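The values are calculated or read from the model by the stated rules, or taken from the named source; none is laboratory data. A quick note: this is a predicted structure, and the numbers were derived from the prediction, not measured. FYI the Cβ positions are ideal-geometry reconstructions off the backbone, even for glycines, and counts take in every protein chain you see. Ligands, DNA and RNA are stripped out before the accessible areas are found, and what is left, the full protein with its side chains, is counted by its heavy atoms. Shrake-Rupley method; radii C 1.70, N 1.55, O 1.52, S 1.80 Å.
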Amino acid sequence: MSTATYPETWDLDVFFKGGSESDELQQHLRTYEGKIEVFAKKVEQFNTPESSDSSYLVYQHIQEAKGIMMGISQAGAFASCLEAQDMNDTGAGVVRGKVTSMAAEFGSAFQAFQQKLAKTEDQVWDSLLEDEGLKEYTFIMTEWREAAKDKLSEAEEGLISALSVDGYHGWGQMYNALVSEMSIEIEVDGEVKKLSVGQANNLRSHENPQVREEVHQKLEEAWSKNENLFAQTLNHLGGYRLAKYKKRGWDDFMKEPLEYNRMKPETLDAMWGAISKSKDVFVKYLDHKAKLLGLEKMSWAHIGAPISESVKKLSYDEGAAFILKHFKKFGPEMAAFAEKAFEEGWIEAEDRSGKRPGGFCTGFPLSEQSRIFMTYSGSMSNVATLAHELGHAFHTYALRPMDPLNRRYAMNVAETASTFAEMIVSDAAVKEADSKDEQAALLEDKVSRSIAFFMNIHSRFIFEQRFYEERKEGFVTAKRLNELTTQAQNEAYGGAVTDNEPHFWASKLHFHITGVPFYNFPYTFGYLFSLSVYARALEEGTAYEEKYMALLRDTAVMTTEELAMKHLGEDITTEAFWMKGIDLCIQDAEEFIRLTSG
Ligand SMILES: [Zn+2]
């Protein structure tokens, strides 16, 4: 085995030297500001094509737009990394603000271009798509055309885009700023520690029940204290979206998230339908886990509790070695890719204060590299998160042969590769366990992901739907948000948990993300979809990697229904498809109960 010590902090200098004060970054931003200005002028002069003679001009505009998108993504990814690694880096906020306004500026020019293009008459449109250069954009150009038809005029959409910087995204930034001001004091091992929200969240799986209780209570208190502030951020985000939809004449707030995820409403219904019918065994699992913990019934503070102390901690290097060893069994390319990511400082994993909570993976398209952010404290769950983020990065890597415009996959399939990678690691962990106790503990870690996807995320989905429904009528108070959360939790957990976490709506960053609406169901989709892919990989061994990468490459050029049909031969609008994945999870839950009974 390699004795290499992998860096626990990432290398950002390779993109722009000097962090948020970087001159290189300023130079980059100025360059792209100029490009955006030029592009906007060209779009002003651009007219709806009247014959196939315009195809070259359309092609040129698309190439320019593509270049700008990559430049903005590069800077945006850098801003995300700066903001996440040090929440007190005020310069990062300035960079973020700049990138956001550039993106909005470009967004309105690009939208104007799309709208002019969308007005092309059918016959001319078909002749454009026959052009050699444009052919490969058929799927996305058709998508643009459909989307443009649903929107307001160029001028109105341009105005919306311009106002979104401060009127919409600003609320998301406000949320992050408020969270970064929060700190929680908790006594761990006789020592009082001042922790960031992210660090405190990591203690939810602490082996000491008193620590878990205290963390749960202190976090709830902290969110409660600020509930009126967060009611503001959430209501204004939701209110902005609804006002925009209303102006566009859309009555269904699910229209945007479903279209964004390139899926049909029937598919989403089939997925939740299958899940709702399968709660029993997961309720039974939570009841059983509660007993193992010496509790009458499961309570919120202990859902994340480890059931056995035999779970060993893995150092960062051990975690990395574990991931690499098991990735290798699924395919040489994924393993080699992950090793490179570890070696070359693509990952920020250090456990320190001041970091943003959670994990993410972001791509730097101009450098063809990704960066992964997380806080690694040595649990198997951290190892799984690391594998998850590496899966995202591998997806980006698999898409390299595609034109950059054909790499923009939606979030539901984005979670396919991440979950796939996570499954490899968590399955392996269960199989490699050296005692029954440890096996159970690791299986528990795996089943807890099912709990997250089928219960926690289901509760987020139910909550968010009802919140939007009520927001249509006006401001939803913090008190009401707490009630909606409580109801959603009771339903989604099938009554398995005695108490609630009423401020979950405030504590969950996902509700405040402005990039995409309904940042919840795509996780569950990705998980179950991925299980189908994973099942195939188990059957076919390392030979499957090539087919797997072909599936990943297609994720940005077809609908999810088409993707599943082409690569899996499955109809995902039926509950039967979703049941297959859920059944695998049910087996895990039953196995856990069996292992830990008697
Ligand atoms: Zn993910």
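Which order do you get for R466, R356 if you rank them by accessible area with a 1.4 Å probe, largest at the top?
My answer, sorted largest first, is R466, R356.
Taking the Cα atoms of the stretch 75-139, what is the range of coordinates along each of the three principal axes, in descending order and whole Å?
55, 20, 13
Compute the accessible area per residue over the stretch 499-563, keeping the other protein chains in place, probe 1.4 Å, unit Å².
29
How much mean residue ellipticity at 222 nm does the chain get from its helices, if each DSSP H run of length 4 or more adds -39500 (n - 2.57) and you divide by all residues, to the nearest 500 deg cm²/dmol?
-21000 deg cm²/dmol
Based only on Cα atoms, what mean projected area does the convex hull of the stretch 350-505 have, in nm²?
Spelled out: convex hull of the Cα atoms, projected over all directions, averaged, 13.0 nm².
Distances longer than 18 Å among the Cα atoms of the stretch 259-356: what percent of all pairs is that?
Percentage above 18 Å: 72.
Just how many pairs of Lys in the stretch 162-281 have C-alpha atoms closer than 19 Å, counting pairs that are eight or more places apart or on different chains?
Pairs that pass both the separation and distance tests number 7.
Show me the GluC sites (Glu not before Pro) within the stretch 19-107 that DSSP assigns to loop and that have at most 16 other Cβ atoms within 10 Å of their Cβ.
Counting only loop positions with at most 16 other Cβ atoms within 10 Å, the GluC sites (Glu not before Pro) in the stretch 19-107 are E50.
How large is Rg over Rh for the stretch 474-586, taking Rg from the Cα atoms and Rh as the Kirkwood inverse mean of 1/r across Cα pairs?
1.08
Could you give the dipole magnitude of the stretch 84-161 about its Cα centre, charging the beta-carbon of Lys and Arg +1 and that of Asp and Glu -1, in debye to the nearest 20?
Value, rounded to 20: 340 debye.
Under 17 Å between C-alpha atoms is the cut-off here; go through the stretch 1-131 and count lysine pairs that meet it, provided they're at least eight residues apart or on different chains.
Lysine pairs, 8 or more places apart or on different chains, close enough: 6.
Give or take rounding to whole Å, what are the principal axis extents of the alpha carbon atoms in the chain, in descending order?
Principal extents (Cα only, largest first): 77, 54, 49 Å.
Pick out the long, greasy-scoring helices in the chain: whole DSSP H runs spanning 27 Å or more along their own axis by Cα, mean Kyte-Doolittle at least -0.5.
55-85, 90-118, 411-432, 521-540, 575-595
Please compute the Cα-Cα pair-distance distribution of the stretch 16-128 with 10 Å bins starting at 0, giving whole percents from short to long.
P(r) over the stretch 16-128, rounded to whole percents: 14, 38, 24, 15, 8, 1.
Out of A384, T48, Q60, whose Cα points farthest toward the positive end of the dipole of the chain (charges: +1 Lys, Arg; -1 Asp, Glu; placed on Cβ)?
Farthest along the dipole direction, towards plus: T48.
Over all distinct alpha-carbon pairs, what is the Kirkwood Rh of the stretch 21-72 in angstrom?
12.3
Out of the trypsin sites (Lys or Arg not before Pro) in the stretch 335-422, which ones are loop residues according to DSSP with at most 16 other C-beta atoms within 10 Å?
R352, R408
Quick one: dipole size for the chain, taken about the Cα centre, charges +1 on Lys/Arg Cβ and -1 on Asp/Glu Cβ, in debye to the nearest 20.
I would put it at about 760 debye.
In whole percent, what relative contact order does the stretch 177-317 give with Cα contacts below 8 Å and a gap of six or more residues?
So the answer I get is 25 percent.
Amide H of E350: which non-local residues (sequence gap of 5 or more, or other chain) have their own amide H closer than 5 Å, using H built in the peptide plane?
Sorted by chain and number, the residues that satisfy this are Y376.
Give the percent of DSSP beta bridges with both residues in the chain that are antiparallel, rounded to the nearest 5.
Percentage antiparallel, nearest 5: 75.
May I ask which residue of I513, W223, L528 lies farthest towards the positive end of the charge dipole of the chain, with charges of +1 (Lys, Arg) and -1 (Asp, Glu) on Cβ and the Cα centre as origin?
So the residue furthest toward the plus end is W223.
Let me cross-check I424: its accessible surface, 1.4 Å probe, with only protein heavy atoms counted, in Å² to the nearest 10?
Solvent-accessible area, nearest 10 Å²: 0 Å².
In square nanometres, what is one fourth of the surface area of the convex hull spanned by the alpha carbons of the stretch 107-172?
So the Cα hull casts an average projection of 5.1 nm².
Just want to confirm a number: the relative contact order over the chain, from Cα pairs under 8 angstrom separated by 6+ residues, in percent.
Computed value for the chain: 18 percent relative contact order.
Ordering K291, K325 by accessible area with a probe of 1.4 Å, largest first, what comes out?
K291, K325
Just going by the charge dipole of the stretch 155-275, with Lys and Arg at +1 and Asp and Glu at -1 on Cβ, which of M174, N261, Y245 is farthest out on the positive end?
After comparing all options, I get Y245.
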